[in-house]
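A short reminder: the numbers here are calculations on the coordinates, not readings from a lab. Treat the numbers as computed from the prediction; the structure is a model and nothing was measured. Neighbour counts run over all protein chains shown; Cβ positions are idealised from the backbone, glycine included.
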């Protein structure tokens, strides 16, 4: 009996101590959560804090590089639930519902009806009024030799190009590494012509190391300049201009910013992205397959957020989403091709097989897995990056795309590239810095962003 009472007393003591500890822990968590919420209001991209918090922040100097709490994710349309062919309703403008169809899952690609006939007409007219420029210049003299920039000997370059290490360079080995030379799209026929012109290859389509040494950059360029370059041999054959969508822009251009509701991204991200690019392809125009944005490298920063980056950091464009608007229906050709859409695997080496280059949109558009025919008012949009669950993930290599050659008529399109820095802290810091600028300086910053990414663009109207 004594042992039972003693055991009961010990158990009750431990039980009460446990209850007291739980209550104390709850009070501690509640207090710290309240403090944390008060401190982080307005820190995330697209977020805002209360007036009292803003006044207190204004009274003390901000840190040079604040750490922003990652409590906002990039909204991404569900591509698993909406399988290929699925049609969903999207309210883009008040009183009207648009339909959006899923075209592929790799890349995640949708096609919605978007622009009215009047909107398409006004955008084309504004582009003509501003003036269009060549999207790509012809081959230029005086370019620096690639081997000197890379500090590689001919032997080292030869060894890198020789994929199967058999001591000879085949045509597809050269094209796999170097489809573009001085702005010219190389084909097997072009290489054979260069070989013959420079008398570099005496035994067919195989280059030895001795023959490769004859193909110096200077000799290569001199031959191309002497022979002449046709527009059809360029990587891109089109004309374009840029239309800004700020507060003082045409009403139609401001209404096109309803793309925010299409992508479901915060308006702050969309508004700080590149202006609208309008492109015209004449008959014979094309754009060989390419990616709108490259892989994510930790040592590089995005061009559009350079204001918040170290000035010594190398820059590159980061385009999270591409929205391509069709401003007219094309009489012949001009499709947007996705050569490897929904492939089971992606292998860059397999893009060239038996002299068939899937990236060549002049010859092999019909072999692409997916082709979208231009239809006035329609839009195609896709993700150039995967998601890491909350923010920007790795590059989606399946987003490889190009413009098929226009066989009849003219093709008008407009591109809206939505830029998101893969570095969340830099994107948040950039948005905070821009929000603190006066409106006129804000507009200048957006204009300078476009100029930095496209140094040859015209001045705004």
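For region 273-360, what class follows from the C-alpha gyration tensor (a ≥ b ≥ c being the square roots of its eigenvalues): rounded when a/c is under 1.5, otherwise prolate if a/b is larger than b/c, else oblate?
It is oblate, given that a/c is not under 1.5 and a/b is not larger than b/c.
If contacts are Cα pairs under 8 angstrom and at least 6 residues apart, what is the relative contact order of region 232-379 in percent?
The value is 23 percent.
Would you list 356, 123 from fewest to most Cβ contacts within 10 Å?
356, 123
Sort 111, 157, 20 so the one with the fewest other Cβ atoms within 10 Å of its own Cβ comes first.
Arranged by neighbour count, lowest to highest, 111, 157, 20 become 20, 157, 111.
Ranking request for peptides 391-402, 7-18, 163-174: highest mean number of other beta-carbon atoms within 10 Å first, then the rest in descending order.
Result, highest mean Cβ count within 10 Å first: 391-402, 163-174, 7-18.
Kindly identify region 326-408 as rounded, prolate or oblate by the Cα gyration tensor criterion: order the square roots of the eigenvalues as a ≥ b ≥ c, call it rounded if a/c is under 1.5, otherwise compare a/b with b/c, prolate if a/b is larger, else oblate.
oblate
Going by the alpha-carbon gyration tensor, a ≥ b ≥ c the square roots of its eigenvalues, is region 373-445 rounded (a/c under 1.5) or, if a/c is not under 1.5, prolate (a/b greater than b/c) versus oblate?
oblate
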